[in-house]
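Visitor: Okay, handing you the structure first.
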Amino acid sequence: MLKIGKKSFQSRLLLGTGKFENFDIQKQAVEASGTEILTFAVRRMNVFEPKAPNFLEMIDIDRYTLLPNTAGAATAEEAVRTARLAKASGLCDMIKVEVIGDDRSLLPDPIETYKACEELLKEGFTVLPYISDDVVLAKRLESLGVHAIMPGASPIGSGQGILNPVNLQLMTETMNIPVIVDAGIGSPADAAQAMSLGAEAVLLNTAVSGADNPVKMAKAMKMAVEAGRLGLEAGRIDKRSYAVPSSPLEGLSIIE
Amino acid sequence: MSIRLNGEHIELPDSIKTIEDLLQHFHLQNKMMIVEQNREIIDQKAFKLKKLNNDDHIEIVHFVGGG
């Protein structure tokens, strides 16, 4: 069971809702992923087109926990403002704190992220900061009181998978809040690896929305996350330098 | 009255006096949205009471797809 703040979830896959080709495919992908948490961004509404469809109107939102992000923010102040707007919807009190510090890499600004988390915790939000794979920052944020930590596997949308498994494992082994691997996951193998390294959950978007078949990929990611988690709980064998036969050595006389 | 709505300068007929009037004018009253008036978030229950003033900066935001 994944626990974030006061809420519990069966699914360990969080799905982003950006960049799907159309709402129909998106709806099917959400269904296939088995996710219980959907992320969103907060943006200006096109008031001159009131009939433009919105994905939120197409799903049964009571079935999902909404995790809005503060994407677009470059400072703590902007992130806090976006978070307050999201909360005012009355639909959620969770916030993914995303403060981008570099436009080329889209890597998060650790100092502004920390400041935003500090303020949002004071205001009673359930706070999930998106950070680089920085073990010390993760610990500082844990001490501050955030409810989960979301280290990036590699740059957003890059699909490069987990660039620093050592740092990720250092986090999962030493932290008492959920580590949710966010950003950079490209394939089901990456998602399974994240879970094998001890992540409590995985958040991905482009890996599904950008796949040739997003619905199949959503299902593959669901299975990969489950397999990775199950494998971790099962306890893998140690790696050895030499072969160890799987078949018994007794009774070999028949071929002597 | 003239206001700035989502960054755009617009002229409103005199009949529009409150936030609720504004939302109805744009046929937005049934949408899931959040309204900010001069940087202050307006409680949905207060749409009816909140008066619009000349030169107000109004932001109407909503949730869109994102990761």
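Visitor: When you scan region A:98-106, do you find a residue that is in contact (Cβ under 8 Å) with a residue 40 or more places away in the chain and touching a Leu at 6+ places or on another chain (Cβ under 6 Å), even just one?
Guide: The answer is no, given that none of the residues of region A:98-106 is in contact (Cβ under 8 Å) with a residue 40 or more places away in the chain and touching a Leu at 6+ places or on another chain (Cβ under 6 Å).
Visitor: Evaluate region A:62-76: report whether one residue or more is under 26 Å from B:N30 (Cβ atoms), touching a residue at least 40 places away in the same chain (Cβ under 8 Å) and more than 12 Å from chain B (Cβ to nearest Cβ).
Guide: Yes: one or more hits.
Visitor: Can we say A:A194 is under 23 Å from A:S33 (Cα atoms) and assigned to a helix (DSSP H, G or I)?
Guide: Details: under 23 Å from A:S33 (Cα atoms): yes; assigned to a helix (DSSP H, G or I): yes.
Here the answer is yes, as A:A194 does meet what is asked.
Visitor: Give me a count of the residues in region A:152-190 that are surrounded by fewer than 16 Cβ atoms within 10 Å (Cβ to Cβ) and part of a loop (DSSP other than H, G, I, E, B).
Guide: Selection size over region A:152-190: 3.
Visitor: Criterion first (modelled with pLDDT under 95, within 9 Å of chain B (Cβ to nearest Cβ) and either touching an Asp or Glu at 6+ places or on another chain (Cβ under 7 Å) or not in a loop (DSSP other than H, G, I, E, B) (or both)) does A:L56 satisfy it?
Guide: For A:L56, the condition - modelled with pLDDT under 95, within 9 Å of chain B (Cβ to nearest Cβ) and either touching an Asp or Glu at 6+ places or on another chain (Cβ under 7 Å) or not in a loop (DSSP other than H, G, I, E, B) (or both) - is met.
Visitor: Confirm whether A:T35 is in a loop (DSSP other than H, G, I, E, B) and of a type in the set (S, T, N, Q).
Guide: Numbers: in a loop (DSSP other than H, G, I, E, B): yes; of a type in the set (S, T, N, Q): yes.
Yes.
Visitor: Cβ-Cβ distance below 8 Å, separation of 6 or more or different chains: which pairs start in region B:1-20 with a residue that is closer than 20 Å to A:R44 by Cβ and end on one that is outside any loop (DSSP other than H, G, I, E, B) and among the small types (G, A, S)?
Guide: B:H9/B:S2; B:I10/B:S2; B:E11/B:S2; B:L12/B:S2; B:I19/B:A46
Visitor: Another one. Taking into account only those residues within region B:21-67 that are within 10 Å of the chain's Cα centre (by Cα) and aromatic (F, W, Y), which is nearest to A:M94 (Cα to Cα)?
Guide: Going through the qualifying residues, I end up with B:F47.
Visitor: Same structure, new question: Here is a check on your reading of the model: is A:R84 without any contact (Cβ under 8 Å) to a residue 40 or more places away in the chain and within 13 Å of chain B (Cβ to nearest Cβ)?
Guide: Values: without any contact (Cβ under 8 Å) to a residue 40 or more places away in the chain: yes; within 13 Å of chain B (Cβ to nearest Cβ): yes.
Taking the combined requirement at face value, the residue satisfies it.
Visitor: Continuing with the same structure: Those residues that are surrounded by 13 or more Cβ atoms within 10 Å (Cβ to Cβ), more than 13 Å from chain A (Cβ to nearest Cβ) and either in contact with a Cys (Cβ under 9 Å, 6 or more places away or on another chain) or among the hydrophobic types (A, V, I, L, M, F, W, C) (or both), I need them from region B:18-67; list them, please.
Guide: Correct list: B:L52 only.
Visitor: A follow-up question, please. Scan (1) in a helix (DSSP H, G or I); (2) touching a strand residue (DSSP E or B) at 6+ places or on another chain (Cβ under 7 Å) for the single condition A:S143 breaks and write down its number.
Guide: The single condition A:S143 does not satisfy is (2).
The values are calculated or read from the model by the stated rules, or taken from the named source; none is laboratory data. Source: prediction; values computed, not measured. Neighbour counts are summed over all protein chains in view; Cβ atoms, including those assigned to glycine, are modelled from backbone coordinates with ideal geometry.
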